[in-house]
Each structure stands twice: as structure tokens, then as C-alpha cells.
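A short write-up of the structure that comes next.
The values are calculated or read from the model by the stated rules, or taken from the named source; none is laboratory data. Everything numeric in this text was worked out from a predicted model, so none of it was measured. Cβ sites come from the backbone with ideal geometry, for glycine too, and all protein chains shown count toward neighbours.
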Amino acid sequence: MNVPFIDFTEQYQAIKDRVDKGLKKVFEKGNFILGEEEKAFEAEFAKFCDCKYAVGVNSGTDALYLALGSLNITVGDEVIIPTYTFIATALCISYTGAKPVFIDIEENTYNIDPEKLEATITRDTKAIIPVHLYGQPANMDEIKAIAQKHGIAVIEDACQAHGATYKGTKTGALGDIGCFSFYPTKSLGAFGDGGIIVTNKEEINESIQMLRDYGRKDRYEHKVKGFNSRLDTVQAVVLSAKLEFLNEWNRMRNVHAAYYCELLKDVTAVKTPAIQPDRTHVFQTFAVRVPNRNKVLEQMKGKGIGVLIHYPIPVHLQEAYADMGHKKGDFPVSETVADEILSLPMFPHMSKGQIEYVCTTLKVLCRQGQNV
Ligand SMILES: Cc1ncc(COP(=O)(O)O)c(C=O)c1O
């Protein structure tokens, strides 16, 4: 049997008619940039997140970058992030000239550890970017309490957590600003790059509206040095069609995750995700921890199973950030998780048979090796 890491074929069938019709209209009208379909999608996504405003941009990376820009974060400032994340969380800070300050993660959720936060705050700290890794929200109450105490902004990196909730509140609406990616493999993915920023703050909305459109105040007047970072109308058509199914697709992912956990519960070598009772997980990624991960990865691939690693190298150990002078041992939890983590196939339309095959294979490999 072959089990791909992701297969969106059936997902495409569900939206095909609506996308075909929507795209035809856009092609006929030619309103490719900030057309009414894009505006409509922004309104739909804002509603989905229970936020007042949503601004479509080029990518999740740009969403984070423009969010920092709207807070005037610049050279000399510091922004705290977990080191265990996709590198874009750090890059967006570097683009502004500010300094990313890394901290370690919680062992159970793989999210930023609020207990390590306060010791890292300095007079230059301007923001914290918690990442809702794999689709489970970070410990937002504790993060927000510390941020409030120190007058620091909270920007959510919700690029992997569309529709997840923390104590009943949707991601994106938890901090001052929420940033999402629509990279095609995300649980809400475009047919290319895309991203969006949500907020309840009028001044932030106004600032980001300008920043994504050359700093434009109106047609010919440019108030700030902005960028060209807008969500294409054609992508908005696709995203609008998919958004209607997102709750259902997230529910399906949860059913699969529960089945994985059930089948793996007696395999002591495999550590399945720990879902916190006060939040919902949307399982953008289903990641387990296994000993001898690299060997298991190769063996699983050999059995026709699509497996990946999110992420084998924490950002503080990436060559791109060598200039910050970190070394192995600085953030031990992140480093251990990076050595053991393994992402198993996860997509809404996968079958029980596929999950059973993945789990049986993993079980055999773990037993064989005692090894592994
Ligand atoms: C946690 C995280 N942050 C930021 C990004 C960047 O998003 P994009 O690829 O749309 O630029 C991604 C996705 O790739 C991500 O997973």
C-alpha cells in the first residue's frame, strides 16, 4: 500500500464546480488584484475568526512581516519567538532589522513555554510571537498576562492553526494580531502562495491596508513606504470555496488523529500528541515522537508511507542564524523534540485503512528494533 503524506484529490472534487465558476468570472472581469471576490473572502475569513478585520496578503511570511511593520518594530527592537518553529517566524523579524530572541518550548504541546518568557524580556522587547504549532494553540492566557504586564504586543503565528480554539476563542482573535498562511499544504490552502492578517484593532487594520499596497492612502497618495503584498483575486476564489468546508475538514482531521492515537496507544516507543483540555487542535500536522527517528523515517518511506519532519533543526541552530552565536544545548527541549519528531500522513479524506497501515508499519518497526 502507498499512503501519501497529503492527498487533496477529493478535496478538489468538493470545490471544483464553485472554483471553476468563480475563476471564469474573474477571468472575464479581469479584476485580478483586490477584486470584489478578494474583499468578500476577507469578510468571510474575519467572520470565521470572530475578528473585525482581515487583510489578504501574499503569504504567511508577509503577514507576519507586515504585522510587525504595523507596530513600527524596527532596528534595536527585540521580538520573542519559540526556536522550535518554521524559520519564517524568525525571518519576518530579521527583515524589519529587529532581533529575534529565541526561547524553548513546552515538552507536551511543543509550543512556546510561558515559564521561560519573563526572564527573556528586556527594555527593547516589543512583541512576542507564539506559534500554534501543528494546529494546537499556545498557552495564550499566560502569554498574554506576561505581555500585558510588560506592555508588549502579541502577534499570533497561526499559520498552522486555521480554526483552532483556545478556551472557546478562535486563533487569530487571541492576540493583538493574527497571521495565517494559505500555502497549498495548509489546512486552508490556496492554489499558490497567500496569507491573511486578522485583528480587532482599527489602527492596525488601517496600517496593514496601507502597508500591503505600496503605503497607499488613496489612489495617488502614499503615506508610508509600503510593499506590494496582496492576496490575488483568483486565490480568494479558491479559498472562499474551501472555507465553507474547513470546519468539516478539521473535524475529519480530528477523527483521524483520534484513530491514530487509539491504534498507537500501546506502543510505548511512540509518543502521540497531547491535546490540552482547554483547546481544540486542528491537526494541520500529526506529529509523533519516536526513538531512532531518522532510521524509522527511512524505513517508513521504504514501505510506501509519506513521512516528513517538522522540524529537524530548531531555528537557533540554523546556519542562517549562526551570527546569533547559539550552540547545541541552549534550548534542550526543542533540540530533543527536533531529534525525535516525525510527521505522519494527515489529510481530511484519508481512509481508516491508510491509518491502519501506517500504524501497523510503525508498530512493527518499533518492535523489530526494540531497536528503533
Ligand atoms: C509556523 C509558520 N509560520 C510561518 C509560515 C510562513 O507561511 P508562508 O509559507 O505562507 O510564507 C509557515 C508556513 O509555511 C508556518 O508553518
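Out of 209, 276, which single residue is within 19 Å of the chain's Cα centre (by Cα) and not hydrophobic (A, V, I, L, M, F, W, C)?
From the options 209, 276, the qualifying one is 276.
Out of the residues in the stretch 128-164 that are of a type in the set (Asp, Glu) and under 20 Å from residue 100 (Cα atoms), which is farthest from the ligand (Cβ to nearest atom)?
Residue satisfying both the conditions and the ranking: 156.
Does residue 54 fit the bill of being at pLDDT 95 or above, away from the ligand (no atom under 15 Å from the Cβ), surrounded by fewer than 20 Cβ atoms within 10 Å (Cβ to Cβ) and more than 14 Å from the chain's Cα centre (by Cα)?
no
Going through 330, 323, 339 one at a time, which residue ends up being surrounded by fewer than 18 Cβ atoms within 10 Å (Cβ to Cβ) and within 23 Å of the chain's Cα centre (by Cα)?
On inspection, the qualifying residue turns out to be 339.
Here is a check on your reading of the model: is residue 168 under 12 Å from the mean Cα position of the chain (by Cα) and away from the ligand (no atom under 12 Å from the Cβ)?
For residue 168, the condition - under 12 Å from the mean Cα position of the chain (by Cα) and away from the ligand (no atom under 12 Å from the Cβ) - is not met.
Condition test on residue 274, is it touching a Pro at 6+ places or on another chain (Cβ under 8 Å), among the small types (Gly, Ala, Ser) and either crowded, with 20+ Cβ neighbours inside 10 Å or at negative phi (or both)?
No.
Could you list, in sequence order, all residues of the stretch 77-92 that are within 18 Å of residue 313 (Cβ to Cβ), buried (at least 20 other Cβ atoms within 10 Å of the Cβ) and within 12 Å of the ligand (Cβ to nearest atom)?
Listed by number, the residues that qualify are 81, 82, 84, 85, 88, 89, 90.
Pick from 151, 178, 195: which is of a type in the set (Gly, Ala, Ser) and over 15 Å from the mean Cα position of the chain (by Cα)?
Matching residue, one of 151, 178, 195: 151.
So that you can scan it fast, the table gives a plain yes or no per residue for (1) at pLDDT 95 or above; (2) surrounded by 14 or more Cβ atoms within 10 Å (Cβ to Cβ); (3) out of contact with any helix residue (DSSP H, G or I) (no Cβ under 6 Å at 6 or more places or on another chain):
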site	(1), (2), (3)
203	yes, no, yes
207	yes, yes, no
211	yes, yes, no
214	yes, yes, yes
219	no, no, yes
230	yes, yes, yes
235	yes, yes, yes
240	yes, yes, no
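Which ones in the stretch 278-304 are more than 16 Å from residue 134 (Cα to Cα) and part of a loop (DSSP other than H, G, I, E, B)?
278, 290, 291, 292, 303, 304
Residues that are under 30 Å from residue 278 (Cα atoms): which strands (runs of 3 or more DSSP E) entirely in the stretch 166-223 hold 3 or more of them?
177-181, 195-199
Would you check if residue 226 is surrounded by 22 or more Cβ atoms within 10 Å (Cβ to Cβ) and either more than 16 Å from the ligand (Cβ to nearest atom) or within 22 Å of residue 50 (Cα to Cα) (or both)?
no
Restricting the stretch 258-268 to residues that are of a type outside the set (S, T, N, Q) and more than 27 Å from the chain's Cα centre (by Cα), which is surrounded by the most Cβ atoms within 10 Å (Cβ to Cβ)?
267
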